[in-house]
Amino acid sequence: MSLNSRLEPELILLNEAPLDRNIVFNSVSNLLLSKNYVEQSYLEALIAREENHPTAMQLEKMGVAIPHVDVEHVREEKLVVVTCPEGIVFNQAEDPDSTMKVNVIFFLLLKEKDAHLEFLMKLISLFQRSNEMDQILWSKSKDDVMELLSKNLY
């Protein structure tokens, strides 16, 4: 499945308020449920997975997280992007007992286990390009974010 079919303007949430992580998870889950992109079990699975296997990591200029769930909780392959310049507190992937502020969250909704690893590698490659990540974080335009992701992930 191409990235363009995974991206939708409604799934790009820019300049969100610095809320609690689980409030953001709940909002994203409700949005995805309303579009029938995930199963009812999605939110519980998302919170449990992030608790057990945190995904937040520190980049050069910002924190990012890649919350995701097992494929049985996903109906449609999508990518949700949430930006929060002030940061949302997550547990760190490298040290789960420590927290950090995350500025860009990429929620992955993938249907194939092998696609998970491939897409994660593409995201990690994007994370190494601080100029592009800055553009995502500070963008005021969903279309600009979609274009940047299309160029850099496929």
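Only the coordinates and a few stated rules stand behind these numbers; no lab work does. These numbers were taken from a predicted model, which means no experiment stands behind them. Reconstructed Cβ throughout: ideal geometry from the backbone, glycine too, with neighbour counts over all protein chains shown.
General remarks:
- Modelled spin-label separation between Asp95 and Asn22, with each label point placed 7 Å from Cα along the Cα-to-Cβ direction: 2.5 nm.
- Chain lengthening between Leu59 and Ser41 when straightened (0.36 nm per residue, less Cα-Cα): 3.4 nm
- Only Lys, Arg (+1) and Asp, Glu (-1) charged, at Cβ; the range 3-153 dipole about Cα centre in debye: 300 debye
- Environment charge of Phe25, counting only residues whose C-beta is closer than 13 Å and scoring Lys/Arg +1, Asp/Glu -1: -3
- Local electrostatic count, Arg75, Cβ distance below 11 Å [Lys/Arg +1, Asp/Glu -1]: -1
- Within-11-Å neighbourhood charge of Ala65 [Cβ basis; K, R +1; D, E -1]: +1
- Three-way shape label, the chain, alpha-carbon gyration tensor, a/c 1.5: rounded
- Cα centroids of the range 20-47 and the range 69-131: 14 Å apart.
- Tally of Lys pairs whose C-alpha atoms are under 23 Å apart, taken over the chain, 8 or more apart or cross-chain: 25
- Asp143 versus Asp70: modelled label distance in nm, points set 7 Å from Cα along the beta carbon direction: 4.2 nm
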